[in-house]
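Novice: Before anything else, here's the structure in question.
Throughout, read-outs are computed from the coordinates displayed, never taken from laboratory work. No experiment lies behind these values; they were computed from the predicted model shown. Methodologically, a virtual Cβ is constructed for each residue, glycine included, from the backbone with ideal geometry; neighbour enumeration extends over all protein chains shown.
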């Protein structure tokens, strides 16, 4: 008798497809491929006739989750501008970027006024 905390014994392992489901998918795939040879009764013809439905189904086939990991070091790269390169440092926030642009604008405006 099963008791709480007992390990599972026997049965299908998690993630293994039922043999009936596997058989159905195999037969369905074979029939699908045979139907694609027919000039009017194939997915291409149907997709041309019903593009909205075709793309609705195609959208459901796109994976919505991707599992994985990235093992790379991230580096922050600063933005450089030809104006005021000497006094420029990599921005740390959006406020820093705005302030730096204001400084560059003021320096450019001073150069224009000198001319």
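Novice: Sorting 61, 43, 48 on the 10 Å Cβ count, fewest up front, what's the list?
Specialist: Ascending number of Cβ neighbours within 10 Å: 61, 48, 43.
Novice: For region 19-61, report the translational diffusion coefficient in µm²/s to the nearest whole number, using Stokes-Einstein at 37 °C, 0.692 mPa s, and a Kirkwood Rh over Cα pairs.
Specialist: 283 µm²/s
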